[in-house]
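Structure first, then comments.
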Amino acid sequence: MTRQCLAFCLVLLLAVLASACREARMAAPVDLATTTKPWEVEQTRITGWDAPFSFGPYTVGDIKRGWTTRTAWGFIGYESYQADQSYEYMVVARGQAKAWHCNCAVNVNQHVLEGMVGGGKLTWELGTGQSLACSLRSPQGILWRLALAAGGASNSPMQGVLQGPKLTIKVQGTDKLEGSSISLSEPTGYVFSVSGQLSGTVGAVQVINNGLLWLPDSPQQEAMAAASAALLLYQDISRQ
């Protein structure tokens, strides 16, 4: 009986330890987590900052710090922008010959961010936190723009928009963890949502640990994949 009790206690202890050691995840929206299988970010065997990675049917490559061809991407305000860091990359969907061409600038000013969203006033003001502006051009030449900023404390998650020709997607950072009421001191991920005819949550990306993406099939999936790559790369850059 004693041996059975010890064996039971050992199994219970191992189960508790396994649960405690489970990799942390962002608190993904319930409607996505229950209907969409997440894609894991897969790194190549190449090490270093410029190593390509993939998720689902998408591969992210040609990653470079700094811009090699600024004028090619249609980045608003590039002539006089000031940014702490900049980076560019390409995203290719499986089965496609042409790629998305993307470039981003970190910690740009209010003028550049407003230019990225059509010159209108932002609904939030830049605080002491980070900001991110990206130009994402599809293989068909369609331009999407990502403009994010933290409006409060330095560790508050960024928020903003992913804007295309006919659709504006809200992007909201979160610092919540799955199964925990404790918030991290850095973003755990970002949630994409829209209002109107396509009302609701349409995607999410986890930027902690190895990265996860919830991107259901939709006409805007490729644009969200390109924006998600920017957010995954941004996290890496901020830790350098």
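Just so it is clear, none of the values below were taken in a lab; they were calculated from the coordinates. Keep in mind that what you see is a predicted model, and the values were worked out from it rather than measured. Every residue, glycine as well, gets a Cβ built from its backbone with ideal geometry; the counts of neighbours run over all protein chains shown.
Here are the numbers for the structure shown:
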| item | result |
| --- | --- |
| Length gained when the stretch Ser185-Ala97 is fully extended (0.36 nm per residue, less Cα-Cα span) | 27.7 nm |
| Burial order of peptide ranges 221-233, 183-195 (average beta-carbon count within 10 Å, highest first) | 221-233, 183-195 |
| Contour excess over end-to-end distance, with Cα ends at Gln43 and Thr168 and 0.36 nm allotted per residue | 42.0 nm |
| Spatially proximal lysines relative to Lys98 (Cα-Cα < 24 Å; intrachain offsets below 8 disregarded) | Lys64, Lys166 |
